[in-house]
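One structure is given below, encoded as structure tokens.
The values are calculated or read from the model by the stated rules, or taken from the named source; none is laboratory data. As the structure is a computational prediction, the values presented were derived from the model and not from experiment. Methodologically, a virtual Cβ is constructed for each residue, glycine included, from the backbone with ideal geometry; neighbour enumeration extends over all protein chains shown. Heads up: the accessible areas ignore ligands, DNA and RNA and are worked out on the full protein's heavy atoms, side chains in. Shrake-Rupley method; radii C 1.70, N 1.55, O 1.52, S 1.80 Å.
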Amino acid sequence: MSKYEIYIPERLDGDYINILKLFQELSNIDNKLENGDKIIFNFENTRWIDAEMTTFLAMIFDHVIRNGVKVYANLNNMSVKTKELLLKNGFLTHFGIQNRIEDTYNTTIRFFKSNVNNEGKIDKYIYEELFSSISQKTSPEFLNEIYENLWEIIHNVIDHSKSSYLYMCGQHYPRKPFGTKNGMVSFAISDIGIGLLENIKSKIKIKEDREAFKWAFEEGTTTKEKFDGGLGLFEIKDKLSNKGRVLVVANQGYYKISKTGVETFKPFPFDIPGTLVVITLFLDECLKTSNESDIIEKGSKLIKEDDFFDLFI
């Protein structure tokens, strides 16, 4: 039985370099890990974590846990704000590290893990966590479109990723970007399946990772045999034009589309287990334009504190 230590970067956000640093550490020991080994994830150098990136941490944690490795966390010297964020969104609580604390600012879209087949709880989470955070700052039409696109992505995970679980989390950043009135919301979906690129290249005659990403964001693309649905990424790209951005990390690639449509691809020198999709909405550009009622049902039952852990299957 061996013990290993992985240091979380000073910042864990959607930046390529920071993701590279973290996965490089995992890649260095991944092939050595055996059942019963221990990994300590050391946060002592960490000064900031984007809340939505806890789905990325969950991918790593569960990747090693399913191989029989025991996971521990060293939170000493972690910045107070970062620790509070991880406690508010329930990430540390889910992995049994510390108890969750309440978010008095109502900016948290809490961490959520679900069996991919439990669509009812997934749907409830989207409405009661994500949409309740942005419903007053966007139009009902825009929410409906985003809702449909999110489910395309989720169904792609269910149908093709070969992952038993998916993860979701997000955060409302009311002061980002600087000078905005309503800030932005970032929301992430991830899994630890075979990965988006592997799925595409196994069914479509594409060899290059960059081309596989570009294909995934083209209109009408699908890996389903009956071509009865798409990947959901073209629609997300289309709806976020001048309103948001999207980032996808999968297998050996990093692919980002900016608010203005600029596409960035960067390769990884190792294979990342699963797929991460991060969607960012700039709320000033998504403002509600009518007085129509919210699409969230008025009679929907709110999650009580006693039901909180029931969401983590």
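Accessible surface ranking for Arg210, Arg66, Arg110, Arg175, 1.4 angstrom probe, highest first: Arg175, Arg66, Arg210, Arg110.
Which entries of Lys32/Lys207; Lys70/Lys239; Lys3/Lys259; Lys137/Lys203; Lys38/Lys259 show an alpha-carbon separation above 31 angstrom in the structure shown? Working shown, then result.
Working: Lys32/Lys207 29 Å; Lys70/Lys239 41 Å; Lys3/Lys259 43 Å; Lys137/Lys203 40 Å; Lys38/Lys259 41 Å.
The answer is Lys70/Lys239; Lys3/Lys259; Lys137/Lys203; Lys38/Lys259.
Under 5 Å between amide hydrogens, built in the peptide plane, is the criterion, and for Asn74 it picks out Phe41, Asn42, Phe43 among residues at least 5 positions away or on other chains.
Carbon and sulfur together cover what percent of the accessible area of the stretch 18-93 at a 1.4 Å probe radius? Of all accessible area on the stretch 18-93, carbon and sulfur atoms account for 42 percent. Here's the picture: a label point sits 7 Å out from the Cα of Leu287 along the beta-carbon direction, and within the stretch 119-141 the residues with their amide nitrogen under 18 Å of it are 134-141.
Note on the stretch 1-77: dipole from Cβ charges, positive end direction compared against Ile8, His63, Leu22; the farthest Cα belongs to His63. The calculated FRET efficiency for the pair Glu102 and Tyr7, based on their C-beta separation and a Förster distance of 41 Å, comes to about 0.85. Taking label positions 7 Å along the Cα-Cβ direction at both Glu148 and Lys162, the computed distance is 3.2 nm, reported to one decimal.
What ranking, highest mean first, results for peptides 234-242, 94-102 when packing means the other Cβ atoms within 10 Å averaged over each residue? Please list the in-between numbers first.
Details: 234-242: 17.0, 94-102: 15.0.
In decreasing order of mean packing, 234-242, 94-102 become 234-242, 94-102.
Modelled label positions at Asp15 and Asn77, each set 7 Å beyond Cα in the direction of Cβ, lie 1.9 nm from each other. For Cα extents along the principal axes in Å, the choices are (1) 62, 46, 38; (2) 61, 39, 34; (3) 61, 50, 38; which was calculated from the structure? Matching the structure shown: (3).
Please go through the stretch 118-196 and write out the chymotrypsin sites (Phe, Trp or Tyr not before Pro) that DSSP classes as loop and that have at most 11 other C-beta atoms within 10 Å. Passing both the DSSP loop test and the Cβ count: Phe178. Other residues within the sphere of radius under 14 Å centred on the Cβ of Thr82, judged by their own Cβ, net out at -1 (K and R +1, D and E -1).
Label separation (Lys121 vs Glu218): 3.8 nm, computed from points 7 Å beyond Cα along the C-beta direction.
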